[in-house]
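Please read the structure below before turning to the comments.
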Amino acid sequence: MQINRQRLLQDLADLGTIGRTPEGGVSRPSWSEADLEARRWLMARIQAAGLTGRVDGAGNIFGRWEAGGPVVLVGSHLDTVPNGGTLDGALGVLAGLECLRRVKEEGIRLRHPLELVAFTDEEGAFGGFFGSYAFAGKLTHDAIARSRDVQGRSITEAMGHVGLDSAQALSDRRDPADIRAYFELHIEQGPILERQRASVGIVETIVGIQRFGVTFRGRADHAGTTPLQDRKDALMGAAELIRRAHDLILTEGTPASRVTVGFMHVKPGVPNIVPAEAYLTLELRDVSSAKLEQLQARSRDLVHRVATEWGLTSSIETILNINPVPLSTDLQQAIQSAADELGCSTMRLPAMAGHDAQVVGSIAPAAMIFVPSRDGRSHSPAEFTSEDDIDRGANVLLNALLRCSGT
Ligand code: HGY
Ligand code: MN
Ligand code: MN
């Protein structure tokens, strides 16, 4: 049995028009108008396929055919980064939907039901992994209260706007005993598969991420009358931190360590006033928990040292703290067997992007299948995977799902 290639490609093209940007990318941050439209579109596709659709308290969307017993879950996310690509997340959800449709069309009786899932806010418009955290029972009242976008809008407000109560997310934890396995097909978003000429990646570990909001506070002063040595310029602290954090990770990290400052805000943000406050996000990643812990401790020290050197005060808040997660070796083997049967070349590799699979993987066996990304590009409209690679990946997914669901 094979997936229906044309139907999957058409679904990807259709979803890719929702939130389309002039640059050819898509913007569907969680709970935006485009995200809501994508949610309605997916629910209509689920119903058109004759599956039972459901939305839980966190806004996660499910599609199921048969009931009873622990499920084999398959999915990913519909939300995107601003001006991102059309495949990140969408591929895993739509390939999952296609697999369920094929099993239903063929009337295959499975020992374990298949269930489709599209998780809420994987990309982190409000912090990240809201849906999978709720699903895994790892969400708290405090975490919900802290979930805000960069404009300061809370997830409670965003969900309230569409008639949902964010507190409901706390009551929709899924019993781990109800999950036999979770599979996520995803684009690699890096250059490894393409360089190695492998068509299917089998993920061994997913990177850990620690994301902080760092604030430097100094003093607003006149940009003309205040001599440089008399200033408490908050932005100088931020600039120094960015430079030195980069050096710190290069010298103390491993080739799998990352640091990124992806957002910065300066107050009052006026050309002729010395910056009184600078806020930035500092994100660290590593596949080793011990290394990630070491790097975050060293980065925290660095923030305080830099603040002192520039006569500033500083504070650090945690936005995201997610551990590296090794994926199930049994499920890796199932993917390997599926790929071998289909004659696909494979390689094992780590995932350097965060994925819902690492949250689900903390409570149940989880696995990821990667397909190549041209030039390793992602989180950009330049994201591209060939139709043949998409087709191969989706067929490996279908084959692996059947192996785990028990025909
Ligand atoms: O940020 C990430 O790694 C992912 O794309 N959510
Ligand atoms: Mn992404
Ligand atoms: Mn993704």
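Below, the figures for the structure above:
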| item | result |
| --- | --- |
| Residue in region 376-383 that is within 16 Å of ligand 1 (Cβ to nearest atom), of a type in the set (Gly, Ala, Ser) and on the phi > 0 side of the Ramachandran plot present | yes |
| Residue within region 67-75 that is within 16 Å of ligand 2 (Cβ to nearest atom) and either at pLDDT below 95 or touching a strand residue (DSSP E or B) at 6+ places or on another chain (Cβ under 6 Å) (or both) present | yes |
| Region 3-54, residues that are among the polar types (S, T, N, Q) and not in a helix (DSSP H, G or I) | Asn4, Thr17, Thr21, Ser27, Ser30, Ser32, Thr52 |
| Qualifying residue in region 105-119 (condition: assigned by TED's automatic domain parsing to the domain that holds Ala38 and within 16 Å of ligand 2 (Cβ to nearest atom)) | yes |
| Tally, over region 55-66, of residues that are within 22 Å of the chain's Cα centre (by Cα), outside any loop (DSSP other than H, G, I, E, B) and of a type outside the set (Gly, Ala, Ser) | 3 |
| Whichever residue in region 219-239 is closer than 15 Å to His265 by Cα and assigned to a helix (DSSP H, G or I) and, among such residues, is most open to solvent (accessible area, probe 1.4 Å) | Met236 |
| Any chance Ser328 is out of contact with any Leu (no Cβ under 7 Å at 6 or more places or on another chain) and either within 15 Å of ligand 3 (Cβ to nearest atom) or modelled with pLDDT under 95 (or both) | no |
| Selection within region 272-299 - over 24 Å from Gly152 (Cβ atoms) and open to solvent by 30 Å² or more (accessible area, probe 1.4 Å) | Asn272, Arg285, Val287, Ser288, Ser289, Ala290, Lys291, Glu293, Gln294, Ala297, Arg298 |
| Selection count, region 1-49, where residues are in contact with a Pro (Cβ under 7 Å, 6 or more places away or on another chain) and of a type in the set (Gly, Ala, Ser) | 3 |
| Lone qualifier among Leu327, Leu349, Leu398, Leu320 - being on the phi < 0 side of the Ramachandran plot, away from ligand 1 (no atom under 16 Å from the Cβ) and of a type in the set (A, V, I, L, M, F, W, C) | Leu398 |
| Complete set of residues in region 187-218 that are of a type in the set (Asp, Glu) and assigned to a helix (DSSP H, G or I) | Glu194 |
| Top-ranked residue in region 37-66 [being of a type in the set (A, V, I, L, M, F, W, C) and open to solvent by less than 30 Å² (accessible area, probe 1.4 Å); ranked as farthest from Glu115 (Cα to Cα)] | Ala38 |
| Residues within region 363-384 that are more than 19 Å from Gly262 (Cα to Cα), within 13 Å of ligand 3 (Cβ to nearest atom) and either open to solvent by 40 Å² or more (accessible area, probe 1.4 Å) or free of Cβ contacts under 8 Å to residues at least 12 places away in the same chain (or both), tallied | 0 |
| Only one of Ala177, Ala158, Ala169, Ala145 that is more than 17 Å from the chain's Cα centre (by Cα), more than 16 Å from ligand 3 (Cβ to nearest atom) and over 28 Å from Pro82 (Cβ atoms) | Ala177 |
| Restricting region 345-362 to residues that are open to solvent by 40 Å² or more (accessible area, probe 1.4 Å) and assigned to a loop (DSSP other than H, G, I, E, B), the residue that is farthest from ligand 2 (Cβ to nearest atom) | Ser345 |
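The values are calculated or read from the model by the stated rules, or taken from the named source; none is laboratory data. Predicted model, so just to flag it, every value in this text is computed and none were measured. Positions of Cβ are generated from backbone atoms using ideal geometry, with glycine treated the same way; all protein chains shown enter the neighbour counts. Just the protein is used for accessible areas: all its heavy atoms, side chains included, with ligands, DNA and RNA removed. Shrake-Rupley method; radii C 1.70, N 1.55, O 1.52, S 1.80 Å.
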